[in-house]
Amino acid sequence: MGKVYIFDHPLIQHKLSILRDEKTSSKEFRELVSEIAMLMCFEATRDLPVEEVEVQTPVAVARCKRLAGKKLAVVPILRAGLGMVDGMVNLIPAAKVAHIGLYRDPKTHEPVKYYYKMPADIAEREVIVVDPMLATGGSASAAITFLKQDGVKHIRIMSIIGAPEGVARLQKDHPDIDIYVAALDDHLNESCYIVPGLGDAGDRIFGTK
Ligand code: PRP
Ligand code: URA
């Protein structure tokens, strides 16, 4: 079974408390999503393999470590996942960014796919799927299914807030996937919004409400 990591770092929790606040503006919300993504990325990549290299400094040869092995791809689920991309690529500038467009049908809450664009070598990459909200888990589960159909073997997902229902759904559909969240909230309401959550992440990032 994949692991669930909940990041209780004080900086992440402080920023998340401002993110949740209904009075936080779209500008600040966008900045916070990006900053939290960067801090989470730092933690979520601590198991990436490294190799020893020798580097000539102006003084002497230093034995150093560099990232080894697979290349990375960051895969935002549109729209709200886009808000996490800058923070991720700030830390991993060599990562490719591939997009999956999904929206939840307002009545059924089932994900509807409208866009899918991967680099040709996606199957060889270590993939980090990003989406601020893991609610029913339908969108994340569908995104991971598409990636597996494309031959991707190593996938992890990073969400800022998860609901227990979404975590359970992912663990059932994709027991091989590790899940990284900054908070695991209480439950979903009748509209499948996370409680207490932060509202509609896409609308708050892009100011569409
Ligand atoms: C939100 C969110 C996730 C999804 C989570 O997207 O960004 O993608 O809902 O819900 P789920 O776990 O129940 O699938 P939304 O459908 O609102 O689209 P948007 O990002 O374009 O606003
Ligand atoms: N999507 C959101 O943006 N927020 C939720 O609480 C659930 C799904």
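The values are calculated or read from the model by the stated rules, or taken from the named source; none is laboratory data. Only a predicted model underlies this, so the values are computations on that prediction, with no experimental measurement involved. Methodologically, a virtual Cβ is constructed for each residue, glycine included, from the backbone with ideal geometry; neighbour enumeration extends over all protein chains shown.
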Next item on the list: Those residues that are within 10 Å of ligand 1 (Cβ to nearest atom) and under 15 Å from Gly101 (Cα atoms), I need them from segment 138-164; list them, please.
Entry: Gly138, Ser139, Ala140, Ser141, Ala142, Ala143
Next item on the list: Considering only residues that are touching a helix residue (DSSP H, G or I) at 6+ places or on another chain (Cβ under 7 Å) and at pLDDT 95 or above, look in segment 54-74 and name the one that is farthest from Gly162 (Cα to Cα).
Entry: Ala73
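How many of the residues in segment 165-177 are more than 12 Å from ligand 1 (Cβ to nearest atom) and not basic (Lys, Arg)?
Of the residues in segment 165-177, the ones more than 12 Å from ligand 1 (Cβ to nearest atom) are 171-172, 174-177.
Now narrow it down to the ones that are not basic (Lys, Arg): 171, 174-177.
Here the count works out to 5.
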Next item on the list: For Thr208, work out the one condition from (1) more than 10 Å from ligand 2 (Cβ to nearest atom); (2) in a helix (DSSP H, G or I) it doesn't fulfil.
Entry: (2)
Notebook entry, point to check: Among (1) part of a strand (DSSP E or B); (2) surrounded by fewer than 22 Cβ atoms within 10 Å (Cβ to Cβ); (3) among the β-branched types (Val, Ile, Thr), which single condition is Thr145 missing?
Noted result: (1)
Item checked: When residues of segment 103-126 are limited to those that are of a type in the set (Val, Ile, Thr) and within 16 Å of ligand 1 (Cβ to nearest atom), the one nearest to Val85 (Cα to Cα) -> Val112
Checklist line | Filtered residue count, segment 186-206, keeping only those that are within 12 Å of ligand 1 (Cβ to nearest atom) and either out of contact with any strand residue (DSSP E or B) (no Cβ under 7 Å at 6 or more places or on another chain) or not small (Gly, Ala, Ser) (or both) | finding: 14
Note to self: Need the failing condition index for Ala94 against (1) touching an Asp or Glu at 6+ places or on another chain (Cβ under 7 Å); (2) loosely packed, with under 11 Cβ neighbours inside 10 Å, just the number.
What the structure shows: (1)
Check: What are the residue pairs meeting all of these: first residue in segment 184-209, first residue among the β-branched types (Val, Ile, Thr), second residue assigned to a loop (DSSP other than H, G, I, E, B) and more than 7 Å from ligand 2 (Cβ to nearest atom), Cβ atoms under 7 Å, and 6 or more apart or on different chains?
Finding: Ile194/Ala163; Ile194/Asp185; Val195/Asp185; Val195/Asp186; Val195/Asn189
